[in-house]
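My structure is below; once you've seen it, I'll send some questions.
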Amino acid sequence: MTCPQCPFGDLILTWTPHFRGQAAKPQPTETVLARGVSEFALGYYALKSGWRGTLQDQAPPPLIKIDLKLADGRPGRLLS
């Protein structure tokens, strides 16, 4: 999803519901989480070493941090 009028990017989550059984496969949905994003970084929390910029283990981390810089200069942080 792009916005020709937007000079900066949008942070978009594309997701598909997960159902068990014989139900028809649902279509993916796009949800805009933030508009006007100029910088984006992910951080992963490791129990032994704290926040890291790269994922070292095969197992999912207990926390994921999303740092954003918005076009208007406001910082943003989302924790998952």
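Determine whether region 29-45 contains at least one residue that is in contact (Cβ under 8 Å) with a residue 12 or more places away in the chain and at positive phi.
yes
So in region 1-34, with the set limited to residues that are at pLDDT 85 or above and charged (D, E, K, R), which one is surrounded by the fewest Cβ atoms within 10 Å (Cβ to Cβ)?
Only one residue fits best here, namely E30.
Quick check: anything in region 28-41 under 18 Å from the mean Cα position of the chain (by Cα), assigned to a strand (DSSP E or B) and aromatic (F, W, Y)?
Yes: region 28-41 contains one or more residues that are under 18 Å from the mean Cα position of the chain (by Cα), assigned to a strand (DSSP E or B) and aromatic (F, W, Y).
If you go through region 54-80 one residue at a time, how many are assigned to a loop (DSSP other than H, G, I, E, B) and modelled with pLDDT of 85 or more?
So the count comes out to 4.
Which numbered condition in (1) exposed (fewer than 10 other Cβ atoms within 10 Å of the Cβ); (2) within 15 Å of the chain's Cα centre (by Cα); (3) not hydroxyl-bearing (S, T, Y) is the only one that L68 fails?
Tallying (1) exposed (fewer than 10 other Cβ atoms within 10 Å of the Cβ); (2) within 15 Å of the chain's Cα centre (by Cα); (3) not hydroxyl-bearing (S, T, Y), L68 fails exactly one: (1).
Ok, one more. Restricting attention to region 42-55, which residues are surrounded by fewer than 11 Cβ atoms within 10 Å (Cβ to Cβ) and in contact with a strand residue (DSSP E or B) (Cβ under 9 Å, 6 or more places away or on another chain)?
Across region 42-55, the qualifying residues are G53, T54.
The values are calculated or read from the model by the stated rules, or taken from the named source; none is laboratory data. Note that this is a predicted model, so its numbers are computed, not measured. All Cβ positions, glycine included, derive from the backbone under ideal geometry; neighbour counts span all protein chains shown.
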